[in-house]
């Protein structure tokens, strides 16, 4: 029996689920763009009571810097403390997994009046995720799906392992060098 803890903090929602042998056995979320920090440990604690976890799967973005950092750091720390594997996946792919169309675009809020997005054909992402204004994304000619959240059960079944967060912007704050 294999139990996977799935975590995503790439959107305005903190999502946590437990999947056992491919079946969703528990899921919960908390909404709030700035609430990932307190919500994530509380949700995980609630979900794992009386259960062991064999793997952690975490959304690597794209998403806002702070939300991603909270989810990724928590997932890696949780896995390290239990000596279990952690696997990172594109959060947009987990959203796309719930859409059954031949050609579509998935977007999530990137703030600053922009969206993170990727285009999919027959369920396969075409290229790398990007960040643009919604009007630019809409001009690509495919149906746009916005305001969806990752499907946590599908998340676990996605292939691959992304090891670095998907940051699509340069940081707002940078260190300066005195000369």
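FYI, it's all coordinate maths here, none of it is from the lab. Every value quoted in this text rests on a predicted model; they were computed, and no experiment measured them. Using ideal geometry, Cβ is built from the backbone for each residue, glycine included, and neighbour counts are taken over all protein chains shown.
Values for this structure:
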item	result
GNM flexibility winner over the chain from 92, 12, 148 (Cα, springs under 10 Å)	148
Computed lengthening from residue 125 to residue 73, 0.36 nm per intervening residue step minus Cα-Cα distance	16.1 nm
Antiparallel content of DSSP bridges confined to the range 3-157, in %, to 5	70 percent
Two-decimal Rg/Rh across the chain, once Rg and the Kirkwood Rh are taken from alpha-carbon atoms	0.99
Ascending count of other beta-carbon atoms within 10 Å, so fewest first, for 140, 145	140, 145
Relative exposure of 125, 111, judged by other C-beta atoms within 10 Å (fewest first)	111, 125
Relative contact order [Cα under 8 Å, 6+ residues apart], the chain, whole percent	22 percent
Within the range 85-104, backbone nitrogen closer than 18 Å to the virtual label 7 Å beyond the Cα of residue 136 toward Cβ	none
Candidates 103, 147, 54, ranked by Gaussian network fluctuation over the chain, Cα under 10 Å, top entry	147
Likely footprinting exposure, 153, 27, 121, 113, fewest C-beta neighbours within 10 Å first	113, 121, 27, 153
Rounded to 5, percent antiparallel among DSSP beta bridges of the range 82-179	80 percent
Point-to-point label distance, residue 167-residue 24, nm (Cα→Cβ direction, 7 Å offset)	3.2 nm
